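The values are calculated or read from the model by the stated rules, or taken from the named source; none is laboratory data. Predicted, not measured: the structure shown is a model, and the values here were computed from it. Backbone-built Cβ (ideal geometry, glycine too); neighbour counts: all protein chains shown.
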Amino acid sequence: MEHNLSSYRIFYAVANNGNISRAAKELYISQPAISKSIQKLEDSLGVKLFTRSSRGVAMTPEGELLYTHVKSAFETLTIGEDRLRRSIALGIGNLAIGASSTLCKYILLPYLKDFIKQYPHINISIACHSTNHTLKLLEDGKLDIGLIGKPENLKNIEFHPLHEIEDIFVATHDYLHNLHVRGVTRQHIFQSSTLLLLDRENITRQYIDSYFQDHHILLHNIIEVSNMDLLIEMAKTSLGIGCVIRDFVIEELQTGVLTELPLKHPIQTREIGFAYNKNTKISKSLAHFIEFYENYPQTLPITPSGNSM
């Protein structure tokens, strides 16, 4: 488009009014300025847009053709402005959140349920990824905020802790009994059993690998899965010893479906929380969400069984 918007605005006003004087009053500019703008537009397009008479102006066929498209453009702009004003009035915005499927299902959704009640017009999108992937998306500016397990190096990440989680090892009574029958002692239980672990992309797995390394525990038989729901079900099927988050197997532990293995060296608890890139501009929607979770009750309604972190 070779001409600026003001030229077409003047053309549109003159065409609608059929009179340069009335168009000048509508636009609060002088008649000579309008005439000059129309002349410049006609010269650049190489056509006459108006015929002039003592009664005013009338569009030529070329002017009518141009008017059809200019009218559509300005109507679209008007609709856009109206929607923008309505959006601002209603507080409409967008919020992109990243979280693992475990944290999304059992921690994030309770937050969102109450947040949406306060801000029903904010559009929310959720990307379910591991903590490591979520951190990468935050660094790249592709997410507004993430619900993650706290990494060792926060770099440019602002982290707000919500809850401590504890990793434990569980198995069925039958599986542990069979190990005992084979003469496996507690001291060598990890080396002599099948370990059910999350895959290496998960920060939970990396945390557990560090635990094994720190205590010089060698593993011989591992089954890797991508989510904790499947891992828990495999443990309940007596396929091996599963490394799970205690909060997500409370019911199984209480009913005796799974048994927790006592550890000589308990695994240290770790934090989960909301995180965002402090080097990016905080949108109004994100500011609302930050204020919301900072004032949210600390007791979290975590339910048993979940997915990958």
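Kindly provide the set of residues from segment 140-175 that are within 25 Å of LEU230 (Cβ to Cβ) and aromatic (Phe, Trp, Tyr), ordered by number.
Listed by number, the residues that qualify are PHE169, TYR175.
Residues of segment 268-306 being at pLDDT 85 or above, of a type in the set (A, V, I, L, M) and either under 22 Å from TYR106 (Cα atoms) or not in a loop (DSSP other than H, G, I, E, B) (or both), which ones?
Result: ILE272, ALA275, LEU286, ALA287, ILE290.
On the given criteria, is SER226 at pLDDT below 90 and surrounded by 13 or more Cβ atoms within 10 Å (Cβ to Cβ)?
Details: at pLDDT below 90: yes; surrounded by 13 or more Cβ atoms within 10 Å (Cβ to Cβ): yes.
Yes, satisfied.
For LEU231, only one of the following conditions fails: (1) crowded, with 19+ Cβ neighbours inside 10 Å; (2) in contact with a helix residue (DSSP H, G or I) (Cβ under 9 Å, 6 or more places away or on another chain); (3) within 30 Å of TYR111 (Cα to Cα). What is its number?
(2)
Conditions tested, residue by residue: (1) in contact with a Leu (Cβ under 6 Å, 6 or more places away or on another chain); (2) in the same structural domain as SER210 (by TED's automatic domain parsing).
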residue: GLU233; (1), (2): no, yes
residue: LEU239; (1), (2): no, yes
residue: PHE248; (1), (2): no, yes
residue: GLU252; (1), (2): yes, yes
residue: GLY256; (1), (2): no, yes
residue: HIS265; (1), (2): no, no
residue: SER283; (1), (2): no, no
residue: ILE290; (1), (2): no, no
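Count, please, the residues in segment 106-134 that happen to be touching a His at 6+ places or on another chain (Cβ under 9 Å) and under 21 Å from PRO161 (Cβ atoms).
Narrowing segment 106-134 to residues touching a His at 6+ places or on another chain (Cβ under 9 Å): 107, 115, 118-119, 122, 127.
Narrowing the set further to residues that are under 21 Å from PRO161 (Cβ atoms) leaves 107, 115.
Residues that pass the stated criteria total 2.
Does segment 195-213 include one or more residues that are touching a His at 6+ places or on another chain (Cβ under 8 Å), assigned to a loop (DSSP other than H, G, I, E, B) and within 20 Å of THR134 (Cβ to Cβ)?
There is at least one residue in segment 195-213 that is touching a His at 6+ places or on another chain (Cβ under 8 Å), assigned to a loop (DSSP other than H, G, I, E, B) and within 20 Å of THR134 (Cβ to Cβ).
Could you grab me the full set of residues in segment 7-52 that are among the aromatic types (Phe, Trp, Tyr), free of Cβ contacts under 8 Å to residues at least 60 places away in the same chain and in a helix (DSSP H, G or I)? Reasoning before the result, please.
Step one: of segment 7-52, the residues among the aromatic types (Phe, Trp, Tyr) are 8, 11-12, 28, 50.
Within this subset, residues satisfying the condition of being free of Cβ contacts under 8 Å to residues at least 60 places away in the same chain are 11, 28, 50.
Selection gives PHE11 alone.
Restricting to segment 123-167, name every residue that is surrounded by 19 or more Cβ atoms within 10 Å (Cβ to Cβ), among the polar types (S, T, N, Q) and over 19 Å from PHE289 (Cα atoms).
Answer for segment 123-167, where residues must be surrounded by 19 or more Cβ atoms within 10 Å (Cβ to Cβ), among the polar types (S, T, N, Q) and over 19 Å from PHE289 (Cα atoms): SER130, THR131.
I'd like to know if segment 103-122 contains one or more residues that are surrounded by fewer than 16 Cβ atoms within 10 Å (Cβ to Cβ), within 30 Å of LEU258 (Cα to Cα) and either at pLDDT 90 or above or assigned by TED's automatic domain parsing to the domain that holds HIS288 (or both).
Taking segment 103-122 first, the residues surrounded by fewer than 16 Cβ atoms within 10 Å (Cβ to Cβ) are 109-110, 113-114, 116-118, 120-121.
Still in the list and also within 30 Å of LEU258 (Cα to Cα): 109-110.
Going one step further and asking which of them are either at pLDDT 90 or above or assigned by TED's automatic domain parsing to the domain that holds HIS288 (or both), we end up with 109-110.
Yes, that holds for at least one residue.
So LEU137 clears everything in (1) among the hydrophobic types (A, V, I, L, M, F, W, C); (2) in contact with a His (Cβ under 9 Å, 6 or more places away or on another chain); (3) in a loop (DSSP other than H, G, I, E, B) except one condition, right? Which one?
Status for LEU137: all satisfied but (3).
Filter segment 144-157 for residues that are in a loop (DSSP other than H, G, I, E, B), more than 18 Å from ASN202 (Cβ to Cβ) and not basic (Lys, Arg) and give the result.
Passing the criteria: ASP144, LEU154, ASN156.
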